[in-house]
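Novice: One structure coming up, written as structure tokens, with questions to follow.
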Amino acid sequence: MSSRLAVTVLAIVSFTTRAFAAEPVTLVGHEGGVLAAVFSPDGEQVATAGWDRAVKVWDPAAPGRSRVLGHHITRAVSLAYSPDGSTLASAAGDQKHGEVRLWDAANGQPLWSVDTSPAAVNDVAFSPDGKTVAAALGSARVVKLLDANTGRELGQLPERPGAVLAVAFSPDGSMIATGGSDGALRLWVAESRTEYVALTWGPAGQTVALAVTFTPDGRSIAAGCEDGRVRIWDARTTEPQADLLAHKNPISRVAFSPDGRRLTTAGFRDPASVARVWSDVWFTEEKPLAGHTGYVTWLAYSPRGNWLVTASADGTAKLWPLDHGNAAKPTK
């Protein structure tokens with residue numbers, strides 16, 4: 001997606017079957033819902049986390065086996081690999097506890113842990129240079145910035161009204177985006193940790209952003225909102241670009257494909273239990289990804305864009321092959 005997109009989309013009625021035709025590979029092993037799933041930067045690992053507090057790593061070429069890195073003090077809700085793939089950050093949180101951990105991705109050893117209790121950690125993200133881990137603390141209403149090597153706090157984004165629910169770095173690392181219950185998507189200057197702009201769509205308080213992400217080229221930013229809509233802005237001019245009614249329930253996750261040509265969305269408590277895929281500048285909906293028996297909590301593309309992983313409340317994660325259904329199983 002680029003700045004040439006200037007269309008407001010209110011409803012999508014056309015369906016295609018272009019991208020996802022083959023059956024997905026199912027990862028089974030968590031006790032309870034899976035709340036996060038991500039590919040490593042080289043595409044050779046998939047990490048998952050869930051209600052059972054466990055953080056697991058899977059080999060996509062041998063999906064029947066997984067390696068347990070460890071367990072958090074409460075449900076594990078977010079994951080992020082470092083850009084070089086050497087470490088994996090995981091976050092946990094509930095109404096009384098919060099924690100961020102860093103793991104060695106090669107041997108699974110824990111490197112450091114930061115207890116944020118009583119504030120839950122709702123989301124975690126790595127800076128593009130791999131030096132900083134950002135942790136969105138819900139009830140504390142701040143984002144803590146942690147040294148990726150030691151876990152030492154480097155600083156934080158100033159407190160704002162409402163719980164912080166999501167955090168993301170721009171691809172060049174110059175900006176940080178946060179979403180939360182205060183009804184705004186906020187952009188921050190990473191170096192100075194100062195607020196650049198608070199973006200809203202329509203009446204104040206309408207944009208309760210539960211998930212945020214930048215396009216791969218950094219030109220646009222998307223917020224998955226509580227009202228089931230995905231709202232997109234130009235990241236440079238902050239002008240609104242699109243308003244997509246994606247789900248009937250709150251959005252749980254949004255992700256752009258690595259080439260920026262597809263937007264994929266998932267919704268909390270979605271009775272259809274599907275992820276939806278939207279392509280081209282008109283956001284034409286492709287065939288929904290149906291196969292989970294519980295709502296989709298998370299989704300992420302592989303680095304090459306030839307696979308998509310979804311996590312679900314049904315206790316599984318699924319690997320969906322792309323390339324018109326002709327993708328072979330991942331191999332090393």
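All of the numbers you see were taken from the coordinates with simple rules; none came from a lab. Owing to the predicted nature of the structure, the values given are computational and were not obtained by experimental measurement. We place every Cβ from the backbone using ideal geometry, glycine too, and count neighbours over all the protein chains shown.
Novice: What ³J(HN,Hα) values, in whole Hz, does the Karplus curve 6.51 cos²θ - 1.76 cosθ + 1.60 give for segment 289-305 when θ = phi - 60°, with x put for Gly and Pro?
Specialist: Per-residue couplings from phi come out as 8, 9, x, 6, 9, x, 5, 7, 9, 7, 8, 7, 8, 6, x, 8, x Hz.
Novice: Based on the Kirkwood radius over alpha-carbon pairs, what value in µm²/s does the Stokes-Einstein equation return for the translational diffusion coefficient of the chain at 37 °C and 0.692 mPa s? Present the calculation step by step, with values, prior to reporting the outcome.
Specialist: Working: Rh = 19.4 Å.
Using the Kirkwood radius from Cα pairs, D works out to 169 µm²/s.
Novice: Report the trypsin sites (Lys or Arg not before Pro) located in segment 222-319 that are in a DSSP loop and have at most 12 other Cβ atoms inside 10 Å of their Cβ, or state none. Please report the intermediate quantities before stating the final value.
Specialist: On the way: sites: Arg229, Arg231, Arg236, Lys248, Arg253, Arg261, Arg262, Arg269, Arg276, Arg304, Lys318; in loops: Arg236, Lys248, Arg261, Arg269, Arg304.
Here the sparse-neighbourhood loop sites are Arg236, Lys248.
Novice: Checking the table Lys287/Lys318; Lys248/Lys287; Lys56/Lys318; Lys248/Lys318 against a 21 Å threshold on Cα-Cα, which pairs fail?
Specialist: Lys248/Lys318
Novice: Can you work out ³J(HN,Hα) from phi for every residue in segment 214-220, in order, using Karplus 6.51 cos²θ - 1.76 cosθ + 1.60 and θ = phi - 60°, giving whole Hz and x for Gly and Pro?
Specialist: Values per residue, Gly and Pro as x: 9, 5, x, 8, x, 7, 10 Hz.
Novice: Residues of segment 93-126 with amide nitrogen under 17 Å from the 7 Å Cα-to-Cβ point of Ser139?
Specialist: Of the residues in segment 93-126, 93-100, 115-123 have backbone N under 17 Å from the label point off Ser139.
Novice: Quick check: pseudo-label points 7 Å beyond the Cα along Cα→Cβ at Tyr196 and Ala62, how many nm apart are they?
Specialist: 4.4
Novice: Once you sort the root eigenvalues of the Cα gyration tensor of segment 201-286 as a ≥ b ≥ c, which label holds: rounded (a/c under 1.5), prolate (a/b larger than b/c) or oblate (the other case)?
Specialist: oblate
Novice: Using modelled backbone amide H atoms (1.01 Å from N, in-plane), which distant-in-sequence or interchain residues come within less than 5 Å of Gly50's amide H?
Specialist: Sorted by chain and number, the residues that satisfy this are Leu35, Ala76.
Novice: Check each of the GluC sites (Glu not before Pro) in segment 112-206 and keep only those in coil by DSSP with at most 14 other C-beta atoms within 10 angstrom; list them in order.
Specialist: Values: sites: Glu153, Glu159, Glu191, Glu195; in loops: Glu159, Glu191.
Listed in order of number, the matching sites are Glu159, Glu191.
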